Amino acid sequence: MKITIVGSGYVGLVTGACFSEVGIDVQCVDVDPVKIDNLKKGIVPIYEPGLEKMITGNMEKGRLHFTTNLSDAIQDSDIVFISVGTPSDEDGSADLKYVLQVARDCGKHMNDYMLVVTKSTVPVGTSRKVKEAIEQELAKRQVNILFDVASNPEFLKEGAAIDDFLKPDRIVVGTESPRAEELLNNLYKPFTLNGHPIIFMDIVSAEMTKYAANAMLATKISFINDIANLCEIVGADINNVRKGIGSDARIGNKFIYPGIGYGGSCFPKDVQALIKTAKENNYDLQVLKAVEAVNQNQKSVLFTKILNYYKGDLKAKTVAIWGLSFKPQTDDMREAPSLEIVNKLLKAGANVKAYDPVAIQEAKHYFGSSVSYYTDQYEALIDADCLAVLTEWPEFKIPNFKIINKLLNTTAIFDGRNIYDAAEMKRNGFDYFCIGVNTTNPVLKLELKTAF
Ligand SMILES: NC(=O)c1ccc[n+]([C@@H]2O[C@H](COP(=O)([O-])OP(=O)(O)OC[C@H]3O[C@@H](n4cnc5c(N)ncnc54)[C@H](O)[C@@H]3O)[C@@H](O)[C@H]2O)c1
């Protein structure tokens, strides 16, 4: 079987690498010539554990190819996956221009039966638009070539993407064509044979499933953050409350960790897009509107704590930041809470010294020279007044507190991910602030009340 993946970003590269890993001949296409040139040399543009090795290994075996030429790539392809970006439009809806461009290109260049599968996250009704776009191009060419469309949303998590793809909780396929169903059933056999389920459904439901899944996960995060803020005011400890509720099997332990809000390339835009879809259909998705508002607020909570600690004046202060990516094991900084926090710190006049294990190059696109960057986590602390932990990278979890204490000017730690133990921090001589734990600092308490 030969397949083509159009769009060689996080999803396209992982999809291409994993399908080639199970023996399929894969062409990965992208419009970015620099990206494709680098990939041909084995230079992978993103950090994703295990991806580079898998890509270079399959390139060497001749099963994985990279090109900017979609027309050549799709010839003899049984299946074409669309995995281009669907960023938020100005009004919050998903911008479909890249998806529909690929659909038109498929219509322009296909010469034989093809199954066109949308893997990008797209609103309900997009597969129909993809179909129409292909039909229009075929009509212009005055040719009658059979094709099918399907929806196959991707559920991988950045940072664990390869594992998620090879061992998925489920594969969702929306299609109304038996031929397409058979093709996708065969394609995914290497994964489903191990017991990972493939769920077939109608296209609209498949498109909705992806949004509903991300909306549910975002809801869990905003819920726990909202409760965490209340815990802080009433004197409860969210770490205890989390364990207390997570042990209920109906609730579960996952995605109920308090923090500085969700970010990344998916949750913020997908929540917005679903709200927009509802609005277009005269329905008010009240829960998700609140989820979004809570998240926006949450991104400021740690900054407020830092500001209050220094009594509203950050002008001569230097804040060391550990972690910039929106979550560990990725260099992705799209919509990362660090963007909001660092920008607020800079605006308030603070100096920012930042360390991240892999996201420094990415961070430079956002902050340029307004931030100092370090390749060693302790070096970032030299002459800093305090430390703010924004991403829970494993290497931050048990640091050398003696060194931290020695290097920081005011020994204050602001833990945006609740990775440290408050009692231990006190024993180590730190003023320690995390999320959702009652503080003895009355200024902070007061400010938090007014901040919400
Ligand atoms: N990143 C994730 O964790 C994740 C997970 C599940 C689903 N998704 C969804 O998958 C889609 C892709 O996300 P991503 O993070 O991989 O995006 P990305 O921005 O990393 O990659 C998209 C790629 O598509 C390329 N592209 C744009 N137009 C093109 C065209 N006409 N032809 C060929 N290539 C083109 C871009 O150059 C870019 O390299 C989005 O809809 C996203 O919501 C993402």
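Considering only segment 155-202, give the helices (runs of 4 or more DSSP H) lying wholly within it that have at least 3 residues that are within 29 Å of Asp332 (Cβ to Cβ), touching a helix residue (DSSP H, G or I) at 6+ places or on another chain (Cβ under 7 Å) and at pLDDT 95 or above.
Counting at least 3 such residues, we get 161-166.
Say we look at segment 23-46 and pick out the residues that are farther than 21 Å from Gln75 by Cα and among the β-branched types (Val, Ile, Thr); which of these is farthest from the ligand (Cβ to nearest atom)?
Ile43
Scan segment 149-172 and tell me whether some residue there is in contact with a Gly (Cβ under 9 Å, 6 or more places away or on another chain) and farther than 25 Å from His196 by Cβ.
no
Just checking, does segment 419-432 include any residue being touching a residue at least 60 places away in the same chain (Cβ under 8 Å) and over 24 Å from Ile256 (Cα atoms)?
Yes, there is a match, as at least one residue in segment 419-432 is touching a residue at least 60 places away in the same chain (Cβ under 8 Å) and over 24 Å from Ile256 (Cα atoms).
State which residue is farthest from Gly263 (Cα to Cα) when the search covers only segment 371-410 and only residues that are without any contact (Cβ under 8 Å) to a residue 24 or more places away in the chain and in contact with a helix residue (DSSP H, G or I) (Cβ under 6 Å, 6 or more places away or on another chain).
That would be Tyr374.
Only one residue in Leu408, Leu381 is of a type outside the set (Lys, Arg), at pLDDT 95 or above, more than 31 Å from the chain's Cα centre (by Cα) and buried (at least 18 other Cβ atoms within 10 Å of the Cβ), so which one is that?
Matching residue, one of Leu408, Leu381: Leu408.
Looking at the structure I just gave you, is Val342 over 14 Å from Phe367 (Cβ atoms) and among the β-branched types (Val, Ile, Thr)?
When the stated conditions are applied, Val342 does not pass them.
Return the pairs, sorted by first residue and then second, in which the second residue is of a type outside the set (Ser, Thr, Tyr) and in a loop (DSSP other than H, G, I, E, B), the first residue lies in segment 41-55 and is on the phi < 0 side of the Ramachandran plot, the beta carbons are less than 6 Å apart, and the residues are 6+ apart or on different chains.
Tyr47/Asp331; Tyr47/Val358; Pro49/Gln329; Leu51/Val44; Glu52/Val44; Ile55/Val44
Yes or no: segment 101-113 includes at least one residue that is more than 13 Å from the ligand (Cβ to nearest atom), within 29 Å of the chain's Cα centre (by Cα) and on the phi < 0 side of the Ramachandran plot.
No - not one qualifying residue is present in segment 101-113.
Suppose we filter Thr126, Thr86 for residues that are under 25 Å from Ser20 (Cα atoms), within 14 Å of the ligand (Cβ to nearest atom) and at pLDDT 95 or above; which single one remains?
Thr86
With the structure loaded, tell me whether Asp91 is touching a residue at least 60 places away in the same chain (Cβ under 8 Å) and surrounded by fewer than 23 Cβ atoms within 10 Å (Cβ to Cβ) or whether it fails that test.
Against the criterion (touching a residue at least 60 places away in the same chain (Cβ under 8 Å) and surrounded by fewer than 23 Cβ atoms within 10 Å (Cβ to Cβ)), Asp91 qualifies.
Hey, any hits in segment 312-333 for a residue that's surrounded by 17 or more Cβ atoms within 10 Å (Cβ to Cβ), at pLDDT 95 or above, assigned to a helix (DSSP H, G or I) and over 19 Å from the mean Cα position of the chain (by Cα)?
No, segment 312-333 has no match at all.
The values are calculated or read from the model by the stated rules, or taken from the named source; none is laboratory data. In this text the structure is predicted, and so the values were computed from the model without any measurement. Heads up, the Cβs are rebuilt from the backbone with ideal geometry, glycines too, and the neighbour counts pull from every protein chain shown.
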